[in-house]
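Asker: Quick one: structure below, then a few questions.
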Amino acid sequence: MKKSINIEKEIRLRFPPSPTGPLHIGNARTILFNYLFAKKYGGKAVLRIEDTDKERSELKFVNEIIDELKWLGINWDEGPDIGGDFGPYKQSQRLDIYKEYLEKLLIQKNAYHCFCSPEDLEAKRQDQQSRGLAPKYDGTCRNLSDKIVENNLAQQKKSVIRFHIENKKIKFKDLVRGEVEFDMGLVGDIVIAKNFMEPLYNFAVVVDDFLMKISHVVRGEDHISNTPKQIMLQEALGFNDLIYAHLPLLLNSDKSKMSKRAGDVSVSDYHKNGYLPEALINFMVLLGWNPGTEKDIFTLDQLIKEFSIEKVQKSGAVFNLQKLDYLNGYYIREKSLSSLTKLCLPYLSGFDTDKFSAKNLEKIIEAYKTRMKKLSDIAELTGFFFEDKLVYDKKMLAWKEMGDREVIVSLETAVKVLSSAKVWDKKNLEDLLVSQAEKFNDKNRGYFLWPLRVALSGKDSSASPFEIAEILGQEKTLLRIQDAIASLT
Ligand code: GLU
């Protein structure tokens, strides 16, 4: 049984990143699903920076998250950078608001000051564990008299604010998982604020989701156990219901849970390594959603039309880097040559790219476009074009069992053929060189074309010698072949 999407009320979704690190690909996926949901139903998206953790939140991460979302092509209707009717949109600027609601919960006796020390709590936890019980707060401070509380507060005894979790079952309908039920008898009273000015996550989001008129909460399944706590807080504060959708967990290829802190998992890492935003969007949406057909290429615009939350899977979504490379290769090949060249240039900053005209730089990119998995591959693939002198590996210059002498003869023949070339373009060079290759050794062109290609590129795998020669121009081409010959003598 699934709860209907309920598109009668205004659709408002939230992007709630915590700026305690770079934008994690899992969080970016969640934001993408929120974005698609909002767009599909003509709703609004709100960017809310969840920076209540003062020690771990940093402004540089706020800026980085905003930049990376923009780079991905995801935008929002309200947020700290653009304002809106329900701001401020940074939790650190909403402390007075939270204080009001904390006071309300305390007055209503839904929340209370707890003076248990960390040492007491740890001792209780160990005791419960030794008796085979699941650890939970035992409610020691729940029924302290007003007088004791006042006295303790007056003496500035260290305390936190806890919310009373009633012993009951909480059921909610999730757009992905159907009906979900939690037995709250297993959960102890939760800390909702360290003090009036330091609210914690579960409490702050409940207040914000209400005041920002959020209608749907789409988030990772790692938050599913927070949902019943948040529902209880909503009930205590008289807030309306929200509709939830919990997205499947991200799994490594060995099906282990993908840790937030593991290596290359931030959007900015992928960005720097030369993945295109189109590829990342396409990749992320397939982490939990598919249209039920063979189709796997989707642009953001197509997704806005085709996405539906009902098609989100419940089972974990395996993070498959080969799929990302495949998609990136696809979007690289889709780029026009001039825009792909512009995108590649920063990755060639270690080389003197001024050695080539704009036209020839485009030719270099064209020759390698299909070999690139990511933009950063371009340096390794094409760096040899920009070198003044290549370093040759004698063995590499030889095709099969050719000896040095034969390689030299082969390369000297190439010099002769190429010196007399009248038209220097790849078509004509190919005609000349292939007919020479056939004369040279009609069984196998490799005896002629292999040493030449290695002489021009210094590599055992590269574009064809005709393409490389055209781009290098006659003079450099002949020089490189002479250098290769010299390396053998
Ligand atoms: N700031 C929380 C996070 O980044 C948001 C969780 C939620 O969607 O409620 O995990």
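Asker: Any idea which of Arg56, Arg48 is open to solvent by 60 Å² or more (accessible area, probe 1.4 Å), within 13 Å of the ligand (Cβ to nearest atom) and either touching a residue at least 12 places away in the same chain (Cβ under 8 Å) or closer than 19 Å to Val205 by Cα (or both)?
Answerer: Arg56
Asker: Conditions first: (1) open to solvent by 60 Å² or more (accessible area, probe 1.4 Å); (2) within 30 Å of Leu321 (Cβ to Cβ); (3) assigned to a helix (DSSP H, G or I). Gly350 passes all but one, so which condition is the exception?
Answerer: Only one criterion is unmet by Gly350, namely (3).
Asker: So for region 358-369 (the condition being open to solvent by 60 Å² or more (accessible area, probe 1.4 Å), touching a residue at least 12 places away in the same chain (Cβ under 8 Å) and closer than 17 Å to Asn328 by Cα), does at least one residue qualify?
Answerer: Yes: one or more hits.
Asker: I'm trying to understand the selection: among the residues of region 269-306, which are open to solvent by 10 Å² or more (accessible area, probe 1.4 Å), modelled with pLDDT of 95 or more and of a type in the set (Ser, Thr, Tyr)?
Answerer: Tyr275, Thr299
Asker: What residue, among those in region 1-26 that are modelled with pLDDT of 65 or more and of a type in the set (S, T, N, Q), is farthest from the ligand (Cβ to nearest atom)?
Answerer: So the residue we want is Thr20.
Asker: Looking at Val149, Val207, can you tell me which residue is within 30 Å of Lys44 (Cβ to Cβ), outside any strand (DSSP E or B) and open to solvent by less than 40 Å² (accessible area, probe 1.4 Å)?
Answerer: Among Val149, Val207, only Val207 is within 30 Å of Lys44 (Cβ to Cβ), outside any strand (DSSP E or B) and open to solvent by less than 40 Å² (accessible area, probe 1.4 Å).
Asker: Tell me, which residue of region 210-229 that is under 18 Å from Asp183 (Cα atoms) and open to solvent by less than 20 Å² (accessible area, probe 1.4 Å) is farthest from the ligand (Cβ to nearest atom)?
Answerer: Here the answer is Pro228.
Asker: Name every residue in region 463-489 that is of a type in the set (Gly, Ala, Ser), in contact with a helix residue (DSSP H, G or I) (Cβ under 9 Å, 6 or more places away or on another chain) and open to solvent by 10 Å² or more (accessible area, probe 1.4 Å), in order of residue number. Walk me through how you get there before you give the answer.
Answerer: Of region 463-489, the ones of a type in the set (Gly, Ala, Ser) are 463-464, 469, 473, 484, 486-487.
If we keep only those that are in contact with a helix residue (DSSP H, G or I) (Cβ under 9 Å, 6 or more places away or on another chain) too, we end up with 463-464, 469, 473, 484, 487.
Correct list: Ser464, Gly473, Ser487.
Asker: Now, a different point. Count, please, the residues in region 418-447 that happen to be surrounded by 18 or more Cβ atoms within 10 Å (Cβ to Cβ), free of Cβ contacts under 8 Å to residues at least 24 places away in the same chain and either within 23 Å of Tyr392 (Cα to Cα) or among the charged types (D, E, K, R) (or both).
Answerer: Number satisfying all stated conditions: 1.
Asker: I would also like to ask the following. Which of (1) more than 16 Å from the ligand (Cβ to nearest atom); (2) surrounded by 17 or more Cβ atoms within 10 Å (Cβ to Cβ); (3) in a loop (DSSP other than H, G, I, E, B) is the odd one out, the single condition Arg162 does not satisfy?
Answerer: That leaves (3) as the condition not met.
Asker: Please go through region 312-330 and give me each residue that is crowded, with 20+ Cβ neighbours inside 10 Å and either at pLDDT 95 or above or under 10 Å from Leu276 (Cα atoms) (or both), ordered by number.
Answerer: Once the filter is applied, which keeps residues that are crowded, with 20+ Cβ neighbours inside 10 Å and either at pLDDT 95 or above or under 10 Å from Leu276 (Cα atoms) (or both), region 312-330 yields Val312, Leu324, Leu327, Asn328.
Asker: Among residues belonging to region 88-142 that are among the β-branched types (Val, Ile, Thr) and closer than 22 Å to Glu235 by Cβ, point out the one that is farthest from the chain's Cα centre (by Cα).
Answerer: Ile107
Asker: Within the bounds of region 230-253, is there any residue that is part of a strand (DSSP E or B) and more than 15 Å from the ligand (Cβ to nearest atom)? Outline the logic, then answer.
Answerer: At the first step, the residues of region 230-253 found to be part of a strand (DSSP E or B) are 243-247, 250-251.
Subsequent filtering for residues that are more than 15 Å from the ligand (Cβ to nearest atom) retains 251.
Yes - at least one qualifying residue is present in region 230-253.
The values are calculated or read from the model by the stated rules, or taken from the named source; none is laboratory data. In this text, all values refer to a predicted model and were calculated from it rather than measured experimentally. Ideal geometry is used to build each Cβ from the backbone, glycine not excepted, and the neighbour counts take in all protein chains shown. When the accessible area is computed, the model is the full protein with side chains, heavy atoms only, and any ligands, DNA or RNA have been set aside. Shrake-Rupley method; radii C 1.70, N 1.55, O 1.52, S 1.80 Å.
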